[in-house]
Amino acid sequence: MQVKVFEATDMASGLKMVKEALGPDALILSTRTIRSGAFGMIGKPMIEITAAVDNTWQEPVEKSINCGRRGTPQTQPETRSDITYEEIWAQDITSQKISLPQRPPVSQDIQNELAELRNMVKGLSNRMTGIDPSTLHKPYVEPEFIAPTHNTASVDPVIAFLIGYGINRETAQVVARFTRDTIEQATNLDRTDLTALFKAAIARLFTTEKLLDKRLTRQRRISLIGPTGVGKTTTLAKIAAYYLSQFGGKIGLITIDTYRIAAVEQIKVYGDIMRLPVEVVIKPQELDQALDKFRDFDLILIDTAGRSPRNSLDLQELAGYLRPELGIENNLLLAATTRERELEETIKRFSILPINNFIFSKIDECDQLGVLLNIHYKHDTPISFLTNGQRVPEDFIMPTPTAIAELIMNDHRIQHHG
């Protein structure tokens, strides 16, 4: 390959120089603007073109193209200073006759493969015609909220209405079955009537656990388990403050969260404020001792360290503390802001422990709360508490099925400080 550098006052004249020197087969490798004055600062700007031509490829082409570079000299056409880039490369193209090698015949195997590829492309094209264009080029949505065009969700306004509240397709179909007859028999339903009808149907699907709705007549042991960052310690303080303000009695706090920085100090601060005793447990045997120490108390609340659902060793260690024979009710704390797929994974991993109830936190941070119904319907685990803020004890709800249905079908998403 022959490489040369050319300098010209403008691009058109530079390209002409390249063509005259290397022929029409030259490749432009790079171009840049340079100045030839002192230090390259004050001189007139010039165009520097680096071009190359492959001599090994050029030779046979030159023999088959009568371009005037070999053989009898030809008269060069008159040059013009205003010639354009397109004109330079288009000169004599129509008069050039290039002898191309004959393409070898295609074998029967290759022809069969090409035919198969054409059939595959044709089949894909036919399937693409059934896709609704309105579903294309939209932001990513969780798969459970996308209604495919081939089922009833694409044409059923009831299911579409429910999906708009974050209820997934499967659960929306269940709610629709409960309300279908009433909707079809009604002659004049407005949006308010329809929403009230859905609220009643959704409430029928929920089961809640009233853990602390009245004064306890026997000791109750409640633990809060869950992944990191869902608000277990704060929720525990809310539960303690609520029961203390409503019924009084003796409450003991136990923490086995010795992993998180300042976790012990945090629960001790809550204990000092409410004047409640706090026991710190490091080994499973120490939990037995702490429970025995609080044997005359009405309510024992146990805080645990946040565990990654993917760390099976940590979950097994936690199960070593919360053994079934201790009579502890495990409440799995789930953040309502978490994606549904990750909530399902969390529930699956924590099922190494017996899960008595779900607690959903951070409902005030959600625009839609259909996930509460989706998760509850699939697992049929009662919901004991909801939290809707960080204030202790105000942002704490002991829900009824009707209250949860109201939150899900709330057009204004008013869930703060319930």
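On the basis of being modelled with pLDDT under 85 and open to solvent by less than 60 Å² (accessible area, probe 1.4 Å), does Gly166 make the cut?
Spelling it out, it is not the case that Gly166 is modelled with pLDDT under 85 and open to solvent by less than 60 Å² (accessible area, probe 1.4 Å).
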Hits in region 256-289 - residues which are closer than 19 Å to Lys238 by Cα and of a type in the set (D, E, K, R): Asp257, Glu265, Lys268, Asp272, Arg275, Glu279
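Hey, does region 287-305 have a residue that's exposed (fewer than 14 other Cβ atoms within 10 Å of the Cβ), among the aromatic types (Phe, Trp, Tyr) and touching a residue at least 24 places away in the same chain (Cβ under 8 Å)? First the steps, then the outcome.
Going through region 287-305, the residues exposed (fewer than 14 other Cβ atoms within 10 Å of the Cβ) turn out to be 289, 292, 295-296.
So of that shortlist, the ones also among the aromatic types (Phe, Trp, Tyr) come out as none.
No; the residues of region 287-305 include none that is exposed (fewer than 14 other Cβ atoms within 10 Å of the Cβ), among the aromatic types (Phe, Trp, Tyr) and touching a residue at least 24 places away in the same chain (Cβ under 8 Å).
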Kindly indicate whether any position in region 381-404 is β-branched (Val, Ile, Thr) and out of contact with any Ser or Thr (no Cβ under 9 Å at 6 or more places or on another chain). yes
Among the numbered criteria (1) in contact with a strand residue (DSSP E or B) (Cβ under 9 Å, 6 or more places away or on another chain); (2) more than 16 Å from Ile222 (Cα to Cα), which single criterion is violated by Phe294? (2)
Of all residues making up region 35-56, the number that are at pLDDT 80 or above and out of contact with any Phe, Trp or Tyr (no Cβ under 7 Å at 6 or more places or on another chain): 6
Residue set Thr192, Thr179, Thr187; condition without any contact (Cβ under 8 Å) to a residue 60 or more places away in the chain and assigned to a loop (DSSP other than H, G, I, E, B); output residue Thr187
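The values are calculated or read from the model by the stated rules, or taken from the named source; none is laboratory data. Every value quoted in this text rests on a predicted model; they were computed, and no experiment measured them. Cβ atoms come from the backbone with ideal geometry, glycine included; neighbour counts cover every protein chain shown. When the accessible area is computed, the model is the full protein with side chains, heavy atoms only, and any ligands, DNA or RNA have been set aside. Shrake-Rupley method; radii C 1.70, N 1.55, O 1.52, S 1.80 Å.
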